[in-house]
Amino acid sequence: MRWWDIDAVLELERNLFPEDAWSRGMFWSELAHARGPEANRRYVVAEAGSRIVGYAGLVATGEQADVQTIAVSRNLWGTGLGGRLLAELLRAATTFECAEVMLECRVDNVRAQKLYERFGFEPIGLRRGYYQPGNVDALVMRLTAPENSVQGTEING
């Protein structure tokens, strides 16, 4: 993901997450830490032609990485694109030499939970009222040894 992708990413973000969408400033801040020798973030986009149809981001701190976001255009749900984006983030976690990857997922987003479970994530806790303003709880999930979860997966574009 580059700065020129932010407008298209924001459009998808607001469509998919109307109550708790990230702001332009949040994406700018994340991308500021994704380049250079001190980079500790990896953000990717998926394109269909010239249109952005998905994106994902991860931050690494020490031996732990956190999935910050994964989003796929509704018309591409069930196509495997979310899995390819997640695999790319897990490869980045491996490059950052992270021993575990954490994430939060809305408790009402069963589809996403199933994706994470397929990659080996396990639920470890709950954060009450994490997603605001809707006051929706988050399921906290963890994956140990991310390098073992991405063998044979590849993202193109």
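The values are calculated or read from the model by the stated rules, or taken from the named source; none is laboratory data. This is a predicted model, so every value here is computed, not measured. Virtual Cβ from ideal backbone geometry, glycine too; neighbours counted across all protein chains shown. The area values use the complete protein model at the heavy-atom level, side chains included, leaving out ligands, DNA and RNA. Shrake-Rupley method; radii C 1.70, N 1.55, O 1.52, S 1.80 Å.
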Checklist entry - Quick one: Karplus J couplings for the stretch 129-142, per residue in order, coefficients 6.51, -1.76, 1.60, θ = phi - 60°, nearest Hz, x for Gly and Pro? => result x, 4, 8, 10, x, x, 6, 8, 6, 10, 8, 8, 10, 9
Checklist entry - How large is the accessible surface per residue of the stretch 24-157, computed with a 1.4 Å probe and reported in Å² as a whole number? => result 53
Checklist entry - Dipole magnitude of the chain about its Cα centre, charges +1 at Lys/Arg Cβ and -1 at Asp/Glu Cβ only, in debye to the nearest 20? => result 300
Item to check | For A99, distant residues with modelled amide H under 5 Å away | outcome: Q64
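Once neighbouring chains are kept in place and the probe is 1.4 Å, which whole percent of the accessible area of the chain is contributed by carbon and sulfur? Working shown, then result.
Details: 4050 of 8550 Å².
That share works out to 47 percent.
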Item to check | Three-way shape call for the stretch 1-117 based on the alpha-carbon gyration tensor, with the a/c threshold at 1.5 | outcome: oblate
Next on the checklist: If each DSSP helix of 4+ residues adds -39,500 (n - 2.57) and the sum is divided by the residues in the chain, what number results at 222 nm, nearest 500 deg cm²/dmol?
Outcome noted: -8500 deg cm²/dmol
Checklist entry - Between the stretch 71-103 and the stretch 1-67, what is the C-alpha centre distance in whole Å? => result 12
Checklist entry - Using θ = phi - 60° and the Karplus curve 6.51 cos²θ - 1.76 cosθ + 1.60, what whole-Hz ³J(HN,Hα) does each residue of the stretch 52-57 get, with Gly and Pro shown as x? => result 7, 10, x, 7, 7, x
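Per Stokes-Einstein, at 25 °C and 0.890 mPa s, what whole-number D in µm² s⁻¹ belongs to the stretch 70-138, with the Kirkwood radius over Cα pairs as the hydrodynamic radius?
Rounded to a whole number, D works out at 184 µm²/s.
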Next on the checklist: Can you list residues from other chains, or at least 5 along the same chain, whose modelled amide H is less than 5 Å from the amide H of S73?
Outcome noted: G54
Item to check | Spin-label pair W28/T95, simplified geometry with 7 Å Cα→Cβ offset, distance in nm | outcome: 2.5
